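The structure appears right after this line, and notes come after that.
The values are calculated or read from the model by the stated rules, or taken from the named source; none is laboratory data. These numbers were taken from a predicted model, which means no experiment stands behind them. Note that we place each Cβ from the backbone using ideal geometry, even for glycine, and neighbour counts take in every protein chain shown.
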Amino acid sequence: MNKSWSTEEYLQQLTARGFKFGEDSLGFIEFGKHYTDSSDYLVNIAIEITLKAQKQFDGSFFVSFLEMIKQEQVHTKHAAFELAKEKKII
C-alpha cells in the first residue's frame with residue numbers, strides 16, 4: 001500500500017487485483033471515514049486489515065476496527081498490525 005494513495009486510488013488498486021466492493025461496502029467505507037474523522041491513510045490500513053482478517057470486506061468489522069485504531073491513537077501501519085495481533089484479529 002502506498003502511503004500517499006487516496007482511498008479511491010487504493011480501492012481501484014484492490015479492484016484491479018480482483019477484490020470486489022459493492023455499493024454497500026463503499027457506503028461503509030465512506031461512513032467509517034466520516035464517522036471517525038480518519039485520514040485516507042488510516043482508512044486504507046483498516047481496509048487492508050479487514051480483508052486480511054475476514055478474507056472479504058465486512059463493513060461492520062471495518063468500522064469497528066477503524067474506531068479502535070482511532071481510539072488507540074494508532075498512526076502507522078505497523079502499529080495497526082500490532083494492535084490487530086494483540087487483539088487476536090489476525
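Do we find a residue being within 12 Å of the chain's Cα centre (by Cα) and not charged (D, E, K, R) anywhere in the stretch 15-24? It would help to see each step written out before you state the result.
As a first pass, look at the stretch 15-24 and keep what is within 12 Å of the chain's Cα centre (by Cα): none.
Looking through the stretch 15-24, none of the residues is within 12 Å of the chain's Cα centre (by Cα) and not charged (D, E, K, R).
Looking only at residues in the stretch 1-30 that are aliphatic (A, V, I, L, M) and modelled with pLDDT of 95 or more, which one is surrounded by the most Cβ atoms within 10 Å (Cβ to Cβ)? Selected residue: ILE29.
Can you give me the number of residues within the stretch 51-64 that are closer than 15 Å to GLY22 by Cα and either out of contact with any helix residue (DSSP H, G or I) (no Cβ under 7 Å at 6 or more places or on another chain) or in a helix (DSSP H, G or I) (or both)? Let's see the steps before the verdict.
Restricting attention to the stretch 51-64, the residues satisfying the condition of being closer than 15 Å to GLY22 by Cα are 51, 56-60, 62.
So of that shortlist, the ones also either out of contact with any helix residue (DSSP H, G or I) (no Cβ under 7 Å at 6 or more places or on another chain) or in a helix (DSSP H, G or I) (or both) come out as 51, 56, 59-60, 62.
Here the count works out to 5.
If you take the residues in the stretch 65-90 that are among the basic types (Lys, Arg) and out of contact with any helix residue (DSSP H, G or I) (no Cβ under 9 Å at 6 or more places or on another chain), which one is surrounded by the fewest Cβ atoms within 10 Å (Cβ to Cβ)? The selected residue is LYS88. Of all the numbered requirements in (1) touching a residue at least 40 places away in the same chain (Cβ under 8 Å); (2) of a type in the set (D, E, K, R); (3) outside any helix (DSSP H, G or I), GLU48 misses one, and that requirement is (3).
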